[in-house]
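The values are calculated or read from the model by the stated rules, or taken from the named source; none is laboratory data. This structure is a prediction, so every number in the text was calculated from the model and none was measured. Cβ: placed from backbone, ideal geometry, glycine included. Neighbour counts: every protein chain shown.
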Amino acid sequence: MKDPLIGDRAGCIVRRSWRTMRGVLRPSSTPPAQPPALGVPAAQDDRHICQVNAIAACALGYSYDAPTAPNVAPPTPYPPLPSRLGMALVTYARMSDWKNNIIEEREGIAEILRDTKTIAVLGMKPESRSGEAAFFVPEHMDGAGYEIIPVPVYFPELTEMLGKPVFRSLAAIGRPIDMVNVFRRPNDIPPHVDDIIAAKPKYVWFQAGIRNDAAAQRLAEAGIKVVQNRCLMVEERALG
């Protein structure tokens, strides 16, 4: 990721030249004998330059005083960070730790199950398919005390499953959900990723036999914890 407004670690160039600083650094704690060389992106608005230097200084343990030259706008009334820069920093932070949201250890799985109360079942099947996991797994979870929200992909004639109203998309549920339990073939998952992210669940659970690492990464980067290739019913019984 490259962005001309932020330092190399978050996507732009840092020049090692003390003379390029457009403000004054003062140490906020005991600094090295010579302050570290910081840089600024070329050909950028002076306000952005000041804000970039402030971020770089903060990361290295310095405080930053914006210059007061006539060609530099004062620190107010513009916001501390341009929206594009702020979004880039958030994106970088999410991308740097997304792997922490891929849950494989039994302790993490148990914590997810203990925290979950509401489960939207994407790809749920009706009772006429009672021999399929997409029916009997949510049926078991319903009997175990979890609130099940059916989100079938097919069966357009149905308005209820397990006596509960059917929704045709996750976003249409319109209220918080803890988990999305996915019964879709791996290659069929990507078209659902945007809908899942829009629904903002805490967790996404790909059933046993279902794995899509690219989709899992997108969900994890959005701050959602993801479990892949595990049966929700089996794990709930093991917790029990």
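Observations
- Residue in region 152-165 that is surrounded by 21 or more Cβ atoms within 10 Å (Cβ to Cβ) and of a type in the set (Val, Ile, Thr) present: no
- Pairing residues of region 102-129 that are of a type in the set (S, T, N, Q) and assigned to a loop (DSSP other than H, G, I, E, B) with residues that are at pLDDT 95 or above and surrounded by 14 or more Cβ atoms within 10 Å (Cβ to Cβ), at Cβ distances under 8 Å and at least 6 apart in sequence or on separate chains, gives THR116/TYR146; THR116/ASP178; THR116/MET179; THR116/LYS202; THR116/TYR203.
- Of everything listed in (1) among the polar types (S, T, N, Q); (2) within 26 Å of ASP97 (Cα to Cα); (3) touching a strand residue (DSSP E or B) at 6+ places or on another chain (Cβ under 8 Å), the single unmet condition for ASN187 is (3).
- Residue check for ASN53: touching a Lys or Arg at 6+ places or on another chain (Cβ under 9 Å), at pLDDT below 65 and in a helix (DSSP H, G or I): yes
- Search result, residues across region 130-148 that are loosely packed, with under 14 Cβ neighbours inside 10 Å and under 19 Å from ILE210 (Cα atoms): GLY131, GLU132
- Per the listing VAL193, VAL166, VAL153, the residue uniquely closer than 26 Å to ASN101 by Cα and among the β-branched types (Val, Ile, Thr) is VAL193.
- Going through (1) more than 16 Å from LEU113 (Cβ to Cβ); (2) touching a Cys at 6+ places or on another chain (Cβ under 8 Å) one by one, VAL137 falls short only on (1).
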